[in-house]
Amino acid sequence: MKQYALLAFLSPIASLLAVTGPAQSEKLKTKTNPQKQPNVIFIYADDLGYGDLECYGAKNVQTPHVNQLAKSGVQFTNAHATAATSTPSRYSMLTGKYAWRVPGTGVAAGNAGMIIRPETYTLADVFKNSGYITGAIGKWHLGLGDKSGMQDWNAPLPTALGDLGFDYSYIMAATADRVPCVFIENGKVANYDPSAPIEVSYQKPFPGEPLGKDHPELLYNMKHSHGHDMAIVNGIGRIGYMKGGGKALWKDENIADSITAHAIDFIDKYKNQPFFLYFATNDVHVPRFPHERFRGKMGVRGDAIAQFDWTVGQIIAALDERGLRENTLIILSSDNGPVVDDGYDDHAEELLNGHSPAGPFRGNKYSAFEGGTAVPAIVSWPKEIPGSQISDALVSQIDWFASMAALINAKLPKGSAPDSQNRLNTWLGKDQTDRPWIIEESSTMSVRTKNWKYIEPNDGPAMITWGPKVETGNLKTPQLYDMRVREYEKENLADQHPEIVYEMQNILRRVRK
Ligand code: NG6
Ligand code: CA
């Protein structure tokens, strides 16, 4: 147990808990807590771009449920993930500490050990220690078990999400394109099949297991365009090697249904007490393999967006049916910007049909340009937030931690969430105060203010060299862009405005300390 776990000052409920002991407090909780504290649900999409939703201007994609959610609350036009890829973005968001401060927080393998170490005070701890039931469902991608590559997937994992404040978890270890291709429920492989013991390696193949690179004929569901040519599961090549799994192996077409059903079960089970649910979808990450009922309308990438929208609709309907919608705060966003070809031959590029996943921004997932980290963000809480609000405030996901703590009056242990600021009023649409600056991580570092964007010089290539057709934003000299100009990040003004470059470098220097 974490040393702070029993700190009693967190909320009135928590103090009662400390005084009366757990058995008594359970009774007290259900009797005296008539859902005053809001439920909180994060709906965290994967690789969903700023331009991917109808309410953000998408033309060839229908997202009625997300549109409705946006209408019911605040839609942010200037919201940012902390990084242009998943692992660092999620790390920062769940810990309130920039991932770039911590080694080993780059895109994680499926057999990475726990990247957020158990002693870290996480966002789930904040809720849990204030009397919430906490759950994580969907994509994880932050490592499991104590040590990379040392997990025994056939036994309960020694360290998992229970050590990070989550009472319940039903997760994919990493991404759908990485082994192991099984769900893990509370630290154990779900539907474990004892007849097919699981082995995982990111080093060497298992003798006798066919690989995508040698057996294209076995890739009956989807072929790769780059990478993803190792283990074959469900007729799709993956990153990493895997053996076994049997009945526990997921079917990609059922992932959205499966996580949605588990989320609804969670909501149903804990409907009588405040809960926090971190619901991280696999959509719209590769391999995009939506269920056939979403197929054939827009090409798989668009179909995956439609599937995501359906998922959102299901969660909202489940809340509605149980009378929970009014007092549930939903935050919907994405972990990083969009990418079109991310390693599978899914025709996403040909089928874009004028659709611009990153909206008006330059760059994509992986980029230092805004397309890497500018994301949709919607906050809805019918009981407290009037609908139909648009907020142009500059905001960053790094602040969810301290803002959520403020929402539920939780005190944070000293040293926790060092980079997170309480900007609750902005997130709730009560004011439109810009964050003075935000930091964005890619293969280099960037600073955004309301008006300017600075990209730190970097020696790396201008385009990604290993597959995706993506501009990295790298340049050997400083870049400075005026974000008031609609042609975003086209004209480098660093030479014209050395004083602003200096100011931006100073921000970075200060934050780094
Ligand atoms: C890349 C993968 C890409 C995706 C990404 C992580 C290859 C060739 N490409 O290395 O498909 O998985 O990592 O995406 O392996 S993220 O959204 O989880 O950060
Ligand atoms: Ca991602």
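Summary of values
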| quantity | calculated |
| --- | --- |
| Sole residue being closer than 16 Å to Ala402 by Cα, modelled with pLDDT of 95 or more, in contact with a helix residue (DSSP H, G or I) (Cβ under 9 Å, 6 or more places away or on another chain) and of a type in the set (Ser, Thr, Tyr), chosen from Tyr98, Tyr56 | Tyr98 |
| Leading residue by the ranking (nearest to ligand 2 (Cβ to nearest atom)) among those in segment 86-114 that are touching a His at 6+ places or on another chain (Cβ under 9 Å) and not charged (D, E, K, R) | Ser86 |
| Selected residue [assigned to a helix (DSSP H, G or I), more than 16 Å from ligand 1 (Cβ to nearest atom) and crowded, with 24+ Cβ neighbours inside 10 Å] from Ala79, Ala70 | Ala70 |
| The listed residue being over 26 Å from Ile116 (Cα atoms) and hydroxyl-bearing (Ser, Thr, Tyr), out of Tyr241, Tyr192, Tyr202, Tyr220 | Tyr220 |
| Strands (runs of 3 or more DSSP E) within segment 136-232 that include 1 or more residues closer than 30 Å to Val126 by Cβ and within 16 Å of ligand 1 (Cβ to nearest atom) | 168-172 |
| Subset of segment 238-248 that is closer than 10 Å to Val179 by Cα and not basic (Lys, Arg) - its residue that is surrounded by the fewest Cβ atoms within 10 Å (Cβ to Cβ) | Tyr241 |
| Some residue of segment 343-351 being within 17 Å of Val284 (Cβ to Cβ), within 16 Å of ligand 2 (Cβ to nearest atom) and surrounded by fewer than 22 Cβ atoms within 10 Å (Cβ to Cβ) | yes |
| Residues within segment 330-367 that are within 18 Å of the chain's Cα centre (by Cα) and either away from ligand 1 (no atom under 13 Å from the Cβ) or not in a loop (DSSP other than H, G, I, E, B) (or both), tallied | 7 |
| Count of residues meeting criterion [β-branched (Val, Ile, Thr) and either without any contact (Cβ under 8 Å) to a residue 60 or more places away in the chain or farther than 28 Å from Leu277 by Cα (or both)] in segment 316-350 | 1 |
| Cβ-Cβ under 9 Å pairs, at least 6 apart or on other chains, segment 51-69 side within 12 Å of Val312 (Cα to Cα), far side assigned to a loop (DSSP other than H, G, I, E, B) and aliphatic (A, V, I, L, M) | Thr63/Leu53; Val66/Leu53; Asn67/Leu53 |
| Selection count, segment 45-55, where residues are hydroxyl-bearing (Ser, Thr, Tyr) and either surrounded by fewer than 24 Cβ atoms within 10 Å (Cβ to Cβ) or in contact with a Leu (Cβ under 6 Å, 6 or more places away or on another chain) (or both) | 0 |
| Strands (runs of 3 or more DSSP E) enclosed by segment 372-487 - at least 1 residues per element that are farther than 30 Å from Asn39 by Cβ | 438-441, 445-448, 452-455, 479-482 |
| Among residues of segment 470-492, those that are aliphatic (A, V, I, L, M), surrounded by 15 or more Cβ atoms within 10 Å (Cβ to Cβ) and more than 15 Å from Thr444 (Cα to Cα), counted | 1 |
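The values are calculated or read from the model by the stated rules, or taken from the named source; none is laboratory data. Computed from a predicted structure; not experimentally measured. Because the Cβ atoms are built from the backbone with ideal geometry, glycine has one as well, and the counts that use them run over all protein chains shown.
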